[in-house]
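One structure is given below, encoded as structure tokens.
The values are calculated or read from the model by the stated rules, or taken from the named source; none is laboratory data. Keep in mind the model is a prediction, meaning the values are calculated, not measured. Cβ atoms come from the backbone with ideal geometry, glycine included; neighbour counts cover every protein chain shown.
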Amino acid sequence: MRSIRAIIGGCTAIATLMFLLAFIHPFGNAGIHAQQVNHQPLMSSAPPEVRDLLSAKCADCHSMQTRTPVYGRFAPASWLMERDIIQARNAMNLSRWEQYTPEEQETLKTKMLLETRAHKMPPPQYLAMHWDAQITSTDLVKLTSWARTSALSDSNPTADPAGEGDAARGKTVFEKRCTGCHAMEQDREGPRLHGVFGRTSGTVARFDYSPALKNAHIVWNEKTLERWLTDPDSLVPGNNMEFHVAKPEERRDVIRYLQAESMGK
Ligand code: HEC
Ligand code: HEC
């Protein structure tokens, strides 16, 4: 009898301690003890089927609408969850969707598609607890068609309608539209682009290209880049770059910039 009582007492003490420790936030405070749920609708500009999908499968980490499970109120689970949530909100906060610029939204849309298609998101530790958050092929169809609708396509068609393109403006386009996935000197989600003008497609060593681009053997020049940036899928069906630049003058500018960067150094 005595030993059972001691065990129960010990367990209660440990549970209490873990509960109290959850109020210490070694990785930052994600507000998981706040009881009030934020009922602001997420992403009012997104189509309802996309909004429902992201609310169900991503919002626990990527928004202010975190639903904390019971075990999440105890350390150390609470600490690990808070670390994930804070990093996730920094990378993309769906509660702030309307405050991202159209360019940022477009980059995030394509990143969401890439992360889910590669089954990197939701992360495995989350799926272990929420098996119903698996990304299905229907989800991917919804995300793909959403990622392809561009809010930017018909804005400001006047700038330099038939010009030659301008490398300085192209640098700005590059920074706004490409650096979400590309850098000049490093591989990110996309391959490094320094020297891309004149390079054969799919040839950066160690970059993990799609088989489609690897086997395309296209030399990147003004013409091929123009077609690639207009609609990558019509040039190389099955490639991994879920992104295009809708405005012709932006394409011309960014191509001039890639050219200047490739000749310069
Ligand atoms: C368990 C929490 C969690 C869930 C659920 C989750 N994510 Fe994430 N996500 C993270 C963390 C943490 C990061 C930042 C660190 C990283 O990139 O791995 C992140 C980063 C991202 C990024 C940015 C990647 C980059 O390269 O900038 C995207 C896009 C993303 N997640 C999409 C999603 C989508 C879409 C879903 C739902 C289908 C989702 N995530 C569900 C935790 C989560
Ligand atoms: C959402 C991420 C993403 C964005 C944004 C993006 N790209 Fe890409 N890009 C990729 C990926 C991924 C690949 C590799 C595709 C493959 O393997 O099929 C790629 C490949 C390329 C290639 C072929 C390079 C080679 O080595 O063959 C060029 C050129 C390119 N991108 C230019 C651009 C430019 C210019 C922009 C901005 C206007 C841009 N990309 C925006 C992800 C992106």
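Check the range 63-71 and report whether any residue there is assigned to a helix (DSSP H, G or I) and more than 13 Å from the chain's Cα centre (by Cα).
The answer is yes; a qualifying residue exists.
Of the residues that sit in the range 51-67 and are farther than 11 Å from Trp97 by Cβ and more than 10 Å from ligand 1 (Cβ to nearest atom), which one is surrounded by the fewest Cβ atoms within 10 Å (Cβ to Cβ)?
So the residue we want is Arg67.
Return the residues of the range 116-134 that are assigned to a helix (DSSP H, G or I) and either within 15 Å of the chain's Cα centre (by Cα) or within 11 Å of ligand 1 (Cβ to nearest atom) (or both); say none if nothing qualifies.
Selection gives Thr116, Arg117, Pro124, Gln125, Tyr126, Leu127, Ala128, Met129, Ala133.
Would you mention how many residues in the range 135-151 are within 12 Å of ligand 1 (Cβ to nearest atom) and either small (Gly, Ala, Ser) or under 19 Å from Thr107 (Cα atoms) (or both)?
Residues flagged as within 12 Å of ligand 1 (Cβ to nearest atom) and either small (Gly, Ala, Ser) or under 19 Å from Thr107 (Cα atoms) (or both) within the range 135-151 amount to 6.
If a residue has to be in a loop (DSSP other than H, G, I, E, B) and of a type in the set (A, V, I, L, M, F, W, C) to count, how many in the range 162-172 make the cut?
The qualifying residues number 1.
Being near ligand 2 (Cβ under 9 Å from one of its atoms) and of a type outside the set (Val, Ile, Thr) is true for just one of Ala216, Ala246. Which residue is that?
It is Ala216.
Yes/no matrix, rows are residues, columns are (1) assigned to a loop (DSSP other than H, G, I, E, B); (2) surrounded by fewer than 18 Cβ atoms within 10 Å (Cβ to Cβ):
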position: Phe174; (1), (2): no, no
position: His182; (1), (2): yes, no
position: Gly195; (1), (2): yes, yes
position: Phe207; (1), (2): yes, yes
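Could you list, ordered by first residue, the pairs with Cβ atoms under 8 Å in which the first is in the range 183-194 and outside the structural domain of Glu242 (by TED's automatic domain parsing) and the second is near ligand 2 (Cβ under 9 Å from one of its atoms) and at pLDDT 95 or above, at least 6 apart or interchain?
none
Does Leu42 satisfy the criteria of being under 27 Å from Val245 (Cα atoms), among the hydrophobic types (A, V, I, L, M, F, W, C), in contact (Cβ under 8 Å) with a residue 40 or more places away in the chain and more than 16 Å from ligand 2 (Cβ to nearest atom)?
yes
Select, from Leu42, Leu113, the only residue that is in a helix (DSSP H, G or I) and not aromatic (Phe, Trp, Tyr).
Every option except Leu113 fails the conditions.
Of the numbered conditions (1) modelled with pLDDT of 90 or more; (2) farther than 14 Å from Cys58 by Cβ; (3) outside the structural domain of Ser210 (by TED's automatic domain parsing), Ala77 satisfies every one except a single condition; which is it?
With respect to (1) modelled with pLDDT of 90 or more; (2) farther than 14 Å from Cys58 by Cβ; (3) outside the structural domain of Ser210 (by TED's automatic domain parsing), Ala77 is out only on (1).
Which of the residues that make up the range 98-115 are under 20 Å from Val245 (Cβ atoms) and near ligand 1 (Cβ under 10 Å from one of its atoms)?
Thr107, Leu108, Lys109, Thr110, Lys111, Met112, Leu113, Leu114
I'm told Met43 meets every condition in (1) within 17 Å of the chain's Cα centre (by Cα); (2) buried (at least 18 other Cβ atoms within 10 Å of the Cβ); (3) under 21 Å from Pro123 (Cα atoms) except one. Can you identify the failing condition by its number?
For Met43, the exception is condition (3).
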